[in-house]
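Trainee: First the structure, then my questions, so here it is.
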Amino acid sequence: MRELTYVAKRTVEWREVPDPVLRSDRDAIVEPLAATPCDVDSAILAGHGPIAPPFAIGHECVARVVETGDAITHVAPGDLVVVPWAISCGDCERCHAGLQAHCTSVPHMAMFGAPIGGDWGGLFSDLVRVPWADAMLVPLPAGLDAVAMASASDN
């Protein structure tokens, strides 16, 4: 599969990487359909990112669910979902308080699109593994346009 990789200031390239696989029965694999850059992507591309390249970029998207682990109950293959930028478990005290960007199950600032708090990949990719999919993936309501909702996960 391909992922858009930040390689140097104002320079990205498509790179071939292995397809992601489920690592847990709580994971899902999604196919981004509509992705949009945000301020984080813009800062990275301008050379102001806190992490040295190369790494996969893409911070927010709407995706189609391709595969789910056995424990996933609220989305199924074929569903359209909003993929939040912050990685969160949905089970810790901070997640229950609505502070998913401060989830205690992952390193501080764990996110898609920059290897801060781990390497979770980027959402400008053909496929992406989403951990804790029941907590993270938000079903896109019927009738909403995926392109119009691509930035819905930004905060």
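Trainee: I want to confirm something. Restricting to segment 50-67 and keeping residues that are buried (at least 20 other Cβ atoms within 10 Å of the Cβ) and not hydrophobic (A, V, I, L, M, F, W, C), which single residue is nearest to His108 (Cα to Cα)?
Mentor: Only one residue fits best here, namely His59.
Trainee: Let me ask something else. Search segment 68-91 for residues being assigned to a strand (DSSP E or B) and either among the small types (Gly, Ala, Ser) or over 13 Å from Pro32 (Cα atoms) (or both), and hand back the single one that is least open to solvent (accessible area, probe 1.4 Å).
Mentor: Ala86
Trainee: A further question follows. Being in contact (Cβ under 8 Å) with a residue 24 or more places away in the chain and not hydroxyl-bearing (Ser, Thr, Tyr) narrows it down to one of Ala86, Ala142, so name that one.
Mentor: Ala86
Trainee: Next up: Please verify whether Val12 is touching a Phe, Trp or Tyr at 6+ places or on another chain (Cβ under 6 Å), over 17 Å from Val130 (Cβ atoms) and open to solvent by less than 80 Å² (accessible area, probe 1.4 Å), treating the condition exactly as stated.
Mentor: For Val12, the condition - touching a Phe, Trp or Tyr at 6+ places or on another chain (Cβ under 6 Å), over 17 Å from Val130 (Cβ atoms) and open to solvent by less than 80 Å² (accessible area, probe 1.4 Å) - is met.
Trainee: Condition first: in contact (Cβ under 8 Å) with a residue 60 or more places away in the chain and part of a helix (DSSP H, G or I). Can you find one or more residues in segment 25-42 that meet it?
Mentor: There is at least one residue in segment 25-42 that is in contact (Cβ under 8 Å) with a residue 60 or more places away in the chain and part of a helix (DSSP H, G or I).
Trainee: Okay, moving on. Considering only segment 97-119, I want to know if a residue exists there that is among the polar types (S, T, N, Q), touching a Cys at 6+ places or on another chain (Cβ under 6 Å) and buried (at least 16 other Cβ atoms within 10 Å of the Cβ).
Mentor: Yes - at least one qualifying residue is present in segment 97-119.
Trainee: Let me ask something else. Report, by residue number, each residue of segment 102-128 that is part of a loop (DSSP other than H, G, I, E, B), at negative phi and touching a strand residue (DSSP E or B) at 6+ places or on another chain (Cβ under 6 Å).
Mentor: Residues satisfying the conditions are Pro115, Gly122, Leu123, Phe124, Asp126, Leu127.
Trainee: Identify, by number, the condition in (1) on the phi < 0 side of the Ramachandran plot; (2) surrounded by 14 or more Cβ atoms within 10 Å (Cβ to Cβ) that Asp25 doesn't meet.
Mentor: Condition not satisfied by Asp25: (2).
The values are calculated or read from the model by the stated rules, or taken from the named source; none is laboratory data. Small disclaimer: the values here were computed from a predicted structure and weren't measured. Neighbour counts are summed over all protein chains in view; Cβ atoms, including those assigned to glycine, are modelled from backbone coordinates with ideal geometry. To get the accessible areas, we keep the full protein, side chains included, count just its heavy atoms, and leave off ligands, DNA and RNA. Shrake-Rupley method; radii C 1.70, N 1.55, O 1.52, S 1.80 Å.
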